[in-house]
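Visitor: Supplied in C-alpha cells, the structure appears directly below.
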Amino acid sequence: MAQFQSLPGFREFYPDALARRNHVFRGWRRAAHAYGFSEYDAPVLEPLDLYRAKSGDEIEAQLFSFTDKGGREVALRPEMTPTVCRLVGEKANALKRPIKWFSIGEFYRYERMQKGRGRCFFQLNADIFGEPGIEAETELIALLVECLRGFGLGAEDFYVRLSDRNLWFYYLETLGLDEARIGGILGAVDRYEKLGDDAFKDYATQFGPLDDGLKAKVLAFLGIKTLASLEATLSDITTEKLQARLGDWRRLLANLADMGLADFVSVDLGVVRGLAYYTGFVFEAFDRKGDLRALAGGGRYDTLVGKLGYNEMPAVGFGMGDMTFALLLEQRGLLPAVGPATEVYVVIGGAAERSAAFADIAGLRSAGYRVDYPLKEIAFGKQFKAAAESGAKLALIYGGDELAKGVVKLRDLTDRSEHEVPRAAVVEAVRDYFTSGRSA
Ligand code: HAM
C-alpha cells in the first residue's frame, strides 16, 4: 500500500486524462478567441479578505485558508471573480472598454464530494467589464453556448436558464417586502430546488413564518418559464422600473434569437444564484436530462469592483467547470480517443549508427514531428515491437547497410511496406508520407 495518497477531492491527471483535459481547454480557448476575448492569469493564493463578505457565506465556509509564514491570512482561490475585479480595478483607466477577458485556471473549495464536484476543479471564466447594457449579457450567453456547442453538444443536450435578480427585487418590493426580507426570500429561492419547503426555514427563523398568500406568489413567480407568462404576471404592475426591465428582457431574448440561440435559452425565474455579488441578469447552464449539477453559472455584478475599493465598473461574466462538463461529454460519447504521443519511431542498428540517427532525429523534431527512439541499444526485434506499441505510423531504420549506402529505410507500420530514401532527403520523405495521406 502506498504511503502517500493525494488529498481527498484533489485530482491527478495521468497522460490520457490530461490529453482529454487539454482537448477541453483548447475548445474553450478557441471559442473565447473567436468572440474577441483576451486571456489573462492571476495568483492561486490570495489574501483571505478578498473573499470575506464578497463571495458569500457558502464560498467563505468552503475556503482552503491558512496563515502564511509572514502572518498573513491567505486562501487558495475558490473563484476568479474578485481577483479579476482587482486586476481590472487597478488598471481601469488604462484599459480600453469594453474589456473582454477570459482565463482558464484551477480553483479550490472544501466541498462535500459528489458526482461532478471536487475540492479542486478547473474553470473557464469569461467576463466583460465596462458595458452596463444587455449587449454584454448577449455576448456572454452566446459565448457560453459556444463553449458547449463547439464540442458537438446541441440544444437537445443542454440549455441555459436565464433569470434576473433585479426583476425578483422589483417584484418583491411591490409585494411590500423590505431589502432584508427580499434577501431572505432570494436565499430561499436559491435553495428551493434542492430543499423544497425547507428552503424557507432560514427566512422564518429571521423574520417569522412567511404569509401563505405571499409564499404562493413567490412560488408562482419562481415557476415562471416563459416571457409570455412573465409579462402576464407583471401586466398589472405598472412601476416604471419594472416595465423598463421587461423591455431589457425582450431585447436580450431578441438578440439571442437573432444569433440563432433561441433553442438554447429558457426563461426560468427559479434561478437566482447563491453568490453574494450578483446584481441583475443571472444564468446557469444545465444538461437537459437533469442528471448533473450545473455546467456553468454567471451573471451581472455591477458593484463588486466598487466594493473592492475601486471606481464602480459594470461587469457580467460566467464560470464553467471542467468536471460536470467532462461527465456530459462522456455520456454523449464526445470525448475524443487519445492520439499516440509518437508519429515516427527511429530504429537504430547499433552504436555506430547512433550519431547519424541522432542528427536526423533532431532535424525531424525541429520540423515539428513527434519522434521517439530507444534510449538504450536493444535488439532490432524489440525495437520494432516498441515502434508498434508507440502508436507511430512510420518507422525509420538506421542500419549499418543502409547508412553505408547513404540511405534510410522507411517502413510503413500500417501495412509493413518499405522503401529507401537518401538520408539527405529524410525530412522531405517523412513530410511526403504524412501529407500524401498514406498515413491515414
Ligand atoms: P459558480 O456557480 O460557483 O460561479 O461556479 C461556476 C461553475 O464552476 C459551476 O457551474 C461548476 O461547473 C463549477 N464548479 C463550482 N464549484 C465546483 C466544484 N466544487 N467542483 C467542480 N466544479 C465546480 C462562480 O464561480 C462565479 N465566480 C462565476 C462567475 C464568473 N460569475 C461572474 N463571472
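Visitor: Based on the alpha-carbon gyration tensor of the range 15-331 and its eigenvalue square roots a ≥ b ≥ c, which shape applies: rounded if a/c is under 1.5, prolate if not and a/b is larger than b/c, or oblate? Provide the component values of the computation, followed by the final result.
Guide: On the way: a/c = 1.41, a/b = 1.24, b/c = 1.14.
Verdict is rounded for the range 15-331.
Visitor: Now a separate question. Using a Cα-Cα cut-off of under 17 Å, which aspartates and glutamates could be cross-linked to Lys115, ignoring same-chain neighbours fewer than 8 residues away?
Guide: Once the sequence-local aspartates and glutamates are set aside, what remains near Lys115 is Glu12, Asp287, Asp291, Asp322, Glu330.
Visitor: Mind checking which of Leu18, Leu153, Gly133 is farthest towards the positive end of the chain's charge dipole, using Cβ charges of +1 (Lys, Arg) and -1 (Asp, Glu) about the Cα centre?
Guide: Leu18
Visitor: Hey, another quick one. Among Met320, Ala388, Phe200, pick out the residue whose Cα is farthest towards the positive end of the charge dipole of the chain, where Lys and Arg carry +1 and Asp and Glu carry -1 on C-beta, about the Cα centre.
Guide: Going by the charge dipole, the pick is Ala388.
Visitor: What ³J(HN,Hα) values, in whole Hz, does the Karplus curve 6.51 cos²θ - 1.76 cosθ + 1.60 give for the range 147-154 when θ = phi - 60°, with x put for Gly and Pro?
Guide: 5, 9, 5, x, 9, x, 7, x
Visitor: Taking the highest mean first, how do the peptides 17-23, 395-401 order by number of other beta carbon atoms within 10 angstrom per residue?
Guide: Output ranking for 17-23, 395-401: 395-401, 17-23.
Visitor: What is the spin-label model distance, in nm, from Ser229 to Lys96 if the labels are put 7 Å beyond Cα along the C-beta direction?
Guide: Modelled inter-label distance: 4.5 nm.
Visitor: Taking θ as phi - 60°, what are the ³J(HN,Hα) couplings along the range 377-384 by the Karplus curve (6.51, -1.76, 1.60), each to the nearest whole Hz, with x for Gly and Pro?
Guide: Taking θ as phi minus 60°, the curve returns 5, 9, 4, 3, x, 5, 5, 5 Hz for the range 377-384.
Visitor: Please figure out what share of the DSSP beta bridges in the range 344-435 is antiparallel and state it in percent, rounded to the nearest 5. Numbers along the way, then the final one.
Guide: On the way: 9 of 16 bridges.
Antiparallel: roughly 55 percent of the beta bridges in the range 344-435.
Visitor: In debye, nearest 20, what is the charge dipole magnitude of the chain about its Cα centre with +1 on Lys and Arg Cβ and -1 on Asp and Glu Cβ, if you could check? Can you show the working numbers first?
Guide: Details: 56 positive and 62 negative charges, 207 e Å.
That gives a dipole near 1000 debye.
Visitor: Would you work out the charge dipole size for the range 52-207 about its Cα centre, treating the Cβ of every Lys and Arg as +1 and the Cβ of every Asp and Glu as -1, and quote it to the nearest 20 debye? Don't skip to the answer; put the middle values down first.
Guide: On the way: 22 positive and 26 negative charges, 142 e Å.
In total the dipole reaches around 680 debye.
Visitor: Next question, about the same structure. Sticking with the crude label model, points 7 Å out along Cα→Cβ, report the distance from Lys409 to Ser436 in nm, one decimal please.
Guide: Between Lys409 and Ser436, the label points sit 1.8 nm apart.
Visitor: Using a cut-off of 15 Å between alpha-carbon atoms, which aspartates and glutamates can reach Lys307, once sequence neighbours fewer than 8 places away in the same chain are excluded?
Guide: Reachable aspartates and glutamates: Asp49, Glu90.
Visitor: Run lengths n ≥ 4 of DSSP H only: what is the helix-derived mean residue ellipticity at 222 nm for the chain, with -39500 (n - 2.57) per run over all residues, to the nearest 500? Intermediate results must be reported in sequence, preceding the final value.
Guide: Values: 16 runs with 178 residues, N = 440.
The helix contribution divided over the chain gives -12500 deg cm²/dmol.
Visitor: Taking R0 as 41 Å, what FRET efficiency do you get between His33 and Ala379 from their Cβ-Cβ distance, rounded to the nearest 0.05? Write out the running numbers ahead of the final one.
Guide: Working: r = 49 Å, r/R0 = 1.19.
Once the sixth-power term is evaluated, E becomes 0.25.
Visitor: Separate question: Lys217: which lysines have alpha carbons under 22 Å from its alpha carbon, excluding same-chain residues fewer than 8 sequence positions away?
Guide: Lys194, Lys201, Lys225, Lys241
Visitor: Find the lysine pairs in the range 344-435 meeting two conditions, Cα atoms under 21 Å apart and a separation of 8 or more places or different chains, and report how many there are. Let's see the in-between values first.
Guide: Values: Lys376/Lys385; Lys376/Lys409; Lys382/Lys393; Lys382/Lys409; Lys385/Lys393; Lys385/Lys409; Lys393/Lys409.
Going through the range 344-435 pair by pair, I get 7.
Coordinate-derived values only; no laboratory data. On a predicted model such as this, the values are computed, not experimentally measured, just so you know. Quick reminder, even Gly has a Cβ in these numbers, built from the backbone with ideal geometry, and neighbours come from all protein chains shown.
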